[in-house]
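The block underneath contains the structure these notes are about, expressed in C-alpha cells.
The values are calculated or read from the model by the stated rules, or taken from the named source; none is laboratory data. All figures in this text were calculated on a predicted structure; none of them were measured in a lab. Here the Cβ positions follow ideal geometry from the backbone for every residue, glycine too, while neighbour counts run over all protein chains shown. In case anyone asks, the SASA skips ligands and DNA or RNA and just uses the protein heavy atoms, side chains included. Shrake-Rupley method; radii C 1.70, N 1.55, O 1.52, S 1.80 Å.
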Amino acid sequence: MVNNNAAAVLLALNTLAEHGEVIVSRGELVEIGGSFRIPDVMAKSNGVLREVGTTNRTRISDYESAITDKTKALLRVHRSNFEISGFTEQPSIEELVDLSRQRQIPLLEDQGSGALFDLRTVGVSGENSVLDSLRAGVGRGSVQAATSS
C-alpha cells in the first residue's frame with residue numbers, strides 16, 4: 001500500500017521496467033499531485049522514458065513502432081487536472097491492452113482518481129473508474145496503479 005499515485009507508479013515502474021524503456025505519450029508527460037512529474041518519476045524508477053506521438057495526437061501505431069527489445073512496459077498516464085481539446089487523438093485503453101498482449105509487454109495504467117464507482121452517478125463525467133479499466137482488460141496481463149493522488 002502506498003499513500004499516493006506517484007508512489008504507486010514509481011514502484012510499478014521500478015519493479016517491471018528498471019533499466020529498460022517505458023513507452024509513454026508526449027501528451028501524458030504530466031505533473032501529478034505533490035509536484036511529481038512523470039519524467040522525474042521515471043528517472044527515479046531507473047526506467048528509461050521513451051516518448052511517442054505529439055502533445056495533442058498519439059496513435060496506437062506510435063506505440064507499435066517504438067517497441068524494441070529494450071521495451072519493458074507501456075505506460076498510460078491519467079491527464080490530471082487538465083484537458084486537451086480540438087485536434088486530438090489518443091489510443092483507447094482497449095487498443096493498448098491488445099498491443100500489450102500481442103507483444104507480451106506489461107501495460108501500466110496510472111488510472112488517476114482510483115474511483116471505485118461510476119462518477120457519472122454523482123454528476124462527474126469523463127472520469128473512468130477502476131472497473132472500467134478492469135473491464136477493458138487492464139490487470140489481466142497488465143498492471144494498474146489506482147490510488148488517490
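Find the residue count for region 123-149, including only residues that are among the hydroxyl-bearing types (S, T, Y) and modelled with pLDDT under 65. So that I can check it myself, show each step before the final result.
Residues of region 123-149 that are among the hydroxyl-bearing types (S, T, Y), as a first pass: 125, 129, 133, 142, 147-149.
Those left that are additionally modelled with pLDDT under 65: 142, 147-149.
Number satisfying all stated conditions: 4.
Filter region 52-66 down to the residues that are assigned to a helix (DSSP H, G or I) and touching a residue at least 24 places away in the same chain (Cβ under 8 Å), then identify the one that is most open to solvent (accessible area, probe 1.4 Å). Steps first, please.
To start, the set of residues in region 52-66 that are assigned to a helix (DSSP H, G or I) comprises 60-66.
Applying the additional criterion that residues be touching a residue at least 24 places away in the same chain (Cβ under 8 Å) yields 60, 62-64, 66.
On the way: I60: 35, D62: 39, Y63: 1, E64: 73, A66: 5 Å².
Among residues in region 52-66 that are assigned to a helix (DSSP H, G or I) and touching a residue at least 24 places away in the same chain (Cβ under 8 Å), the one most open to solvent (accessible area, probe 1.4 Å) is E64.
If L49 meets every condition in (1) in a strand (DSSP E or B); (2) touching a residue at least 40 places away in the same chain (Cβ under 8 Å); (3) within 18 Å of A6 (Cβ to Cβ) apart from one, which number is that one?
The one condition L49 does not meet is (2).
Restricting the search to region 36-47, which residues are surrounded by 17 or more Cβ atoms within 10 Å (Cβ to Cβ) and touching a strand residue (DSSP E or B) at 6+ places or on another chain (Cβ under 7 Å)?
Answer for region 36-47, where residues must be surrounded by 17 or more Cβ atoms within 10 Å (Cβ to Cβ) and touching a strand residue (DSSP E or B) at 6+ places or on another chain (Cβ under 7 Å): I38, M42, G47.
Does region 86-94 contain at least one residue that is polar (S, T, N, Q) and surrounded by 14 or more Cβ atoms within 10 Å (Cβ to Cβ)?
Yes, some residue in region 86-94 is polar (S, T, N, Q) and surrounded by 14 or more Cβ atoms within 10 Å (Cβ to Cβ).
Conditions (1) small (G, A, S); (2) within 18 Å of G114 (Cα to Cα); (3) out of contact with any strand residue (DSSP E or B) (no Cβ under 6 Å at 6 or more places or on another chain), marked per residue:
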{"site": "A8", "(1), (2), (3)": "yes, yes, no"}
{"site": "A12", "(1), (2), (3)": "yes, yes, no"}
{"site": "E28", "(1), (2), (3)": "no, yes, no"}
{"site": "G34", "(1), (2), (3)": "yes, yes, yes"}
{"site": "E64", "(1), (2), (3)": "no, no, yes"}
{"site": "S80", "(1), (2), (3)": "yes, yes, no"}
{"site": "E83", "(1), (2), (3)": "no, no, yes"}
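How many of the residues making up region 70-91 are in a loop (DSSP other than H, G, I, E, B) and either touching a Ser or Thr at 6+ places or on another chain (Cβ under 8 Å) or over 23 Å from L10 (Cα atoms) (or both)?
Of the residues in that region, 10 qualify.
Tally the residues that are in contact with a Gly (Cβ under 8 Å, 6 or more places away or on another chain), in contact (Cβ under 8 Å) with a residue 40 or more places away in the chain and closer than 21 Å to K70 by Cβ, restricting the search to region 20-41.
4
Whether any residue in region 11-26 is assigned to a loop (DSSP other than H, G, I, E, B), among the polar types (S, T, N, Q), touching an Asp or Glu at 6+ places or on another chain (Cβ under 9 Å) and crowded, with 16+ Cβ neighbours inside 10 Å is what I want to check. Spell out how you get there, then give the answer.
Looking only at region 11-26, we keep the residues that are assigned to a loop (DSSP other than H, G, I, E, B), and these are 18-20.
From what's left, among the polar types (S, T, N, Q): none.
The answer is no, given that none of the residues of region 11-26 is assigned to a loop (DSSP other than H, G, I, E, B), among the polar types (S, T, N, Q), touching an Asp or Glu at 6+ places or on another chain (Cβ under 9 Å) and crowded, with 16+ Cβ neighbours inside 10 Å.
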